[in-house]
């Protein structure tokens, strides 16, 4: 809940009204109907604003990040080498930080026989929408004793450029071989490798076991004690690595994973004893958050929201449960106790979340296979302005010094401009210009270099798919 304050320039009264935001999930790409078993979504980081969707069978689809996109092209098809079904398949995708110059991207998939996980590198062709399946270089391969608990996420650290890999404990139930607690195996871990190497990969010098003289210790290990980390993400602002770790029979957990830490499985499930036989490690790290199986039974890890379309979710960790289809927002700053908010129950099971190049959040849904985005419905007093209306809110705060927030809604893909004018009608600055997809946005205008006085923000918009147009002006007061 937030407060919106309207200052009436020619009166002495101040009107305060409560603004409530409720959320729905909008089909982000309604014309893309050919997706099959989608398990991840990401972008390539090359400024092209394309969406890449991983299909479990072994394909990666690509299409423009536009609500009007009608066709998903096949970027990579390795169904001939992927074993899929149940928890196996093509499970992870990460583009190299220098993808725009080297064309490298990395995948995590299962193969059989023998049953194993493969971390491989591929390269794009001269056609940016098509990769060459024959460029595969297998960097890392390890056996999977069972078909479940394969983990599957891979991603690059935002500051160090290393490739991180989430692995499950090998499967079955209860980790019968205690793989997650053993540091001579890659199972039940977060791994970290340096792929910018003359060899297949190097061990980063910051990994916790880099100096071990025990040849049995796997130096790729970054952290351990995980059961089945299903979807992880870095928050680029705080550099925290968030992990959703699927529980056994009672508890699901959210972890913030740090270098060299042991997260407790199989000794502990969440904050609770599971099988503590032989568990004498001096410090197990407990989850930031847990929930019991009355709320859901298979966590899907998400992202800390850093976009602009849904400001109410800013800095919150958004995650879900595949079974109950509930989606939550977890607030945690590392100092105060975490708080958790139920946002909604999705229409399809959230298999993953994803981010586009603008840090906007997407929900990847199973059955039906759809990609969704959050759309808030804003209620002010007794009047409701829904997602199907253009509008621009009064700026907040107002008066302001030196910056203020301007919030506005786009009901469908449109061209949008917002210009700032002074009291004489002279254009001061253009703060929005271009095409925007459907969504609720906010922009910050910093007036530090302007004089005190009255200013106006004029929003003009025209839909690209209908005859809807919109123009409105708000009045603002800058007081130094």
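The values are calculated or read from the model by the stated rules, or taken from the named source; none is laboratory data. All figures in this text were calculated on a predicted structure; none of them were measured in a lab. Don't worry about glycine lacking a Cβ; one is built from the backbone with ideal geometry, like all the others, and counts go over all protein chains shown.
Listed by position, the strands (runs of 3 or more DSSP E) inside region 308-360 whose residues that are more than 20 Å from residue 245 (Cβ to Cβ) and more than 12 Å from the chain's Cα centre (by Cα) number at least 3 are 339-345.
Among the residues of region 83-124, those identified as farther than 15 Å from residue 46 by Cα and assigned to a loop (DSSP other than H, G, I, E, B) are 83, 84, 86, 87, 89, 112, 113, 114, 115. In region 18-28 there is at least one residue that is modelled with pLDDT under 95, assigned by TED's automatic domain parsing to the domain that holds residue 354 and part of a loop (DSSP other than H, G, I, E, B). Answer yes or no: is there a residue in region 301-308 that is surrounded by fewer than 16 Cβ atoms within 10 Å (Cβ to Cβ) and modelled with pLDDT of 95 or more. No, there is no match, as no residue in region 301-308 is surrounded by fewer than 16 Cβ atoms within 10 Å (Cβ to Cβ) and modelled with pLDDT of 95 or more.
Here residue 409 does not qualify as touching a residue at least 12 places away in the same chain (Cβ under 8 Å), within 23 Å of residue 25 (Cβ to Cβ) and in a loop (DSSP other than H, G, I, E, B). Do we have any residue at all in region 79-86 that's surrounded by fewer than 22 Cβ atoms within 10 Å (Cβ to Cβ), at pLDDT below 95 and in contact with a strand residue (DSSP E or B) (Cβ under 6 Å, 6 or more places away or on another chain)? No, there is no match, as no residue in region 79-86 is surrounded by fewer than 22 Cβ atoms within 10 Å (Cβ to Cβ), at pLDDT below 95 and in contact with a strand residue (DSSP E or B) (Cβ under 6 Å, 6 or more places away or on another chain). Restricting 144, 216, 177 to those that are in the same structural domain as residue 44 (by TED's automatic domain parsing), farther than 25 Å from residue 256 by Cβ, buried (at least 23 other Cβ atoms within 10 Å of the Cβ) and free of Cβ contacts under 8 Å to residues at least 60 places away in the same chain reduces the list to 144.
Selection within region 272-288: residues that are surrounded by fewer than 21 Cβ atoms within 10 Å (Cβ to Cβ) and under 18 Å from residue 317 (Cβ atoms). The member of this set that is nearest to the chain's Cα centre (by Cα) is 288.
Which one is surrounded by the most Cβ atoms within 10 Å (Cβ to Cβ), of the residues in region 186-208 that are without any contact (Cβ under 8 Å) to a residue 40 or more places away in the chain and more than 11 Å from residue 223 (Cα to Cα)? Looking at residues that are without any contact (Cβ under 8 Å) to a residue 40 or more places away in the chain and more than 11 Å from residue 223 (Cα to Cα), I get 203. Residue pairs whose Cβ atoms lie under 9 Å apart, sitting 6 or more positions apart in sequence or on different chains, and linking a residue in region 69-85 that is in contact (Cβ under 8 Å) with a residue 60 or more places away in the chain and assigned by TED's automatic domain parsing to the domain that holds residue 33 to a partner that is loosely packed, with under 14 Cβ neighbours inside 10 Å and assigned to a loop (DSSP other than H, G, I, E, B), do not occur here.
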